[in-house]
Amino acid sequence: MVHDDQNSKLIYGVIKVMSLRFETIALVGRPQTLGLENTLAAMAAWLEAKTHKVVIEESIAESKLLSAWKSLNFAEIAQQADLVISVGGDGTLLGAARQIGPQEVPLLGINYGRVGFVTDIPLSQWEVGLQTVLAGDYAIERRGLISATVSRAGHPVWSTLAVNDVVVNRSSRAGMIELEVEVDGEHMATQRADGLIVASPTGSTAYALSANGPILHPRLRGFIMVPIAPQSLSNRPICLPDDVSITIRVVEGREPRVSGDMQVFSDLHIDDDIQIKHAPHAMRLVHPKGYSYFGTLRSKLNWHEPPLYETTRR
């Protein structure tokens, strides 16, 4: 694996890193994605022609088109790869980030999906984007991860890492659930709602945003806590520092559950505790030259479009 230059201190935010040599590159994607095998095969051949060693994540390596390259599971990728290229939507990249999180292998996203807040390179421009990165014109941004542990009768029964958010909610067939929330051991609130989102700055533009939560810049080290359809309108989103410990206790409700990034799930029982903390490791995103956080917001949230009154006034 590559190591950062000793003079390059990675903090929350974007810095320029010029010293990394990505010798072994892992390609990951979601199986059964239409056309993905052809794209990955072309990408792997292109990278090999530039003298990089290419490995393929094992769940997508069964295709005959990809049989020429070595396959590895995520644990092996985390130990051996210098760069992971995720080809898919944001969800594909989030899944990879959870798997390789403790090793903090740099991640580069190629957007095979629709929105793409963390997948910078459009699929149609993958060759140009990779050429830019491999030439050293890139930045690395460190994004915080969330750690969640479910305890039952004082014993841990489930845990996960999350990039975007940890969500405690009801099933689609159940009514509201009642939750008690503590912050650093102090009672904060009891609320009845469809659920509660605890999101990172990265996740503030995901599910939390659709629940009317605020957008938190990635350089702000914090959590946002956003109720989902609360019974009381006084239950509002709140921003918290990321050095706190949040405990959510299930008081009442049918079929409650907890999820990480809406991809990994666990059923909950009454009196279960969900402890949420800032994880000790981070996701390291590789951005090609020219990346702009605000540019991404303008593009994905249509902030670049003129106000309606200007159009109608003409």
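Output the number of the condition that GLY89 fails; it satisfies all remaining conditions of (1) of a type outside the set (S, T, N, Q); (2) at pLDDT 95 or above; (3) over 27 Å from LEU268 (Cβ atoms).
(2)
Return only the number of the condition from (1) touching a residue at least 12 places away in the same chain (Cβ under 8 Å); (2) over 16 Å from the mean Cα position of the chain (by Cα); (3) surrounded by fewer than 19 Cβ atoms within 10 Å (Cβ to Cβ) that SER234 does not satisfy.
(1)
So which of SER86, SER63, SER124, SER147 is farther than 26 Å from ILE224 by Cα and within 15 Å of the chain's Cα centre (by Cα)?
Going through SER86, SER63, SER124, SER147 in turn, the sole match is SER86.
All but one of (1) within 29 Å of LEU34 (Cβ to Cβ); (2) assigned to a strand (DSSP E or B); (3) without any contact (Cβ under 8 Å) to a residue 12 or more places away in the chain hold for PRO156; which doesn't?
(1)
For the stretch 180-293, which strands (runs of 3 or more DSSP E) that fit wholly inside it have 1 or more residues that are aliphatic (A, V, I, L, M) and farther than 18 Å from SER151 by Cα? Lay out the reasoning, then the answer.
Values: elements: 186-193, 195-199, 222-228, 238-241, 246-252, 257-260, 264-267, 273-288.
Of the strands (runs of 3 or more DSSP E) lying wholly inside the stretch 180-293, those with at least 1 residues that are aliphatic (A, V, I, L, M) and farther than 18 Å from SER151 by Cα span 186-193, 195-199, 222-228, 238-241, 273-288.
Hey, could you check the stretch 254-275 for residues that are under 16 Å from the mean Cα position of the chain (by Cα) and not aromatic (Phe, Trp, Tyr) and say which is surrounded by the fewest Cβ atoms within 10 Å (Cβ to Cβ)? Steps first, answer last, please.
Kept after step one, since they are under 16 Å from the mean Cα position of the chain (by Cα), are these residues of the stretch 254-275: 259-265.
Narrowing the set further to residues that are not aromatic (Phe, Trp, Tyr) leaves 259-264.
Values: SER259: 19, GLY260: 24, ASP261: 24, MET262: 16, GLN263: 14, VAL264: 16.
So, considering only residues that are under 16 Å from the mean Cα position of the chain (by Cα) and not aromatic (Phe, Trp, Tyr), the one surrounded by the fewest Cβ atoms within 10 Å (Cβ to Cβ) is GLN263.
What number of residues in the stretch 68-107 are assigned to a helix (DSSP H, G or I), in contact (Cβ under 8 Å) with a residue 40 or more places away in the chain and among the β-branched types (Val, Ile, Thr)?
The qualifying residues number 2.
How many of the residues making up the stretch 163-179 are of a type outside the set (Lys, Arg), assigned to a loop (DSSP other than H, G, I, E, B) and out of contact with any helix residue (DSSP H, G or I) (no Cβ under 7 Å at 6 or more places or on another chain)?
So the answer is 5.
Can you spot a residue in the stretch 294-302 that is under 26 Å from VAL84 (Cα atoms), under 15 Å from the mean Cα position of the chain (by Cα) and among the aromatic types (Phe, Trp, Tyr)?
No, the stretch 294-302 contains no residue that is under 26 Å from VAL84 (Cα atoms), under 15 Å from the mean Cα position of the chain (by Cα) and among the aromatic types (Phe, Trp, Tyr).
Restricting attention to the stretch 3-59, and to residues there that are modelled with pLDDT under 80 and small (Gly, Ala, Ser), which single residue is farthest from GLU141 (Cα to Cα)?
Step by step, filter the stretch 3-59, then rank; the result is SER19.
If the requirement is being surrounded by 19 or more Cβ atoms within 10 Å (Cβ to Cβ) and over 24 Å from PHE294 (Cβ atoms), which of these qualifies: ALA174, ALA193, ALA189?
Going through ALA174, ALA193, ALA189 in turn, the sole match is ALA193.
Of (1) surrounded by 14 or more Cβ atoms within 10 Å (Cβ to Cβ); (2) outside the structural domain of TYR293 (by TED's automatic domain parsing), ASN111 satisfies all except one. Which?
Answer for ASN111: the failing condition is (2).
Conditions tested, residue by residue: (1) modelled with pLDDT under 95; (2) within 30 Å of ARG219 (Cα to Cα); (3) assigned by TED's automatic domain parsing to the domain that holds ASN164.
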position	(1), (2), (3)
ILE246	no, yes, yes
VAL251	no, no, yes
GLU255	yes, no, yes
PHE265	no, yes, yes
ASP271	no, no, yes
GLU305	yes, yes, no
THR311	yes, no, no
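Out of THR160, THR247, THR202, THR149, I need the residue that is surrounded by fewer than 18 Cβ atoms within 10 Å (Cβ to Cβ), touching a strand residue (DSSP E or B) at 6+ places or on another chain (Cβ under 6 Å) and of a type in the set (S, T, N, Q). Which one?
THR149
The values are calculated or read from the model by the stated rules, or taken from the named source; none is laboratory data. All values reported here derive from a predicted model rather than from experimental measurement. Methodologically, a virtual Cβ is constructed for each residue, glycine included, from the backbone with ideal geometry; neighbour enumeration extends over all protein chains shown.
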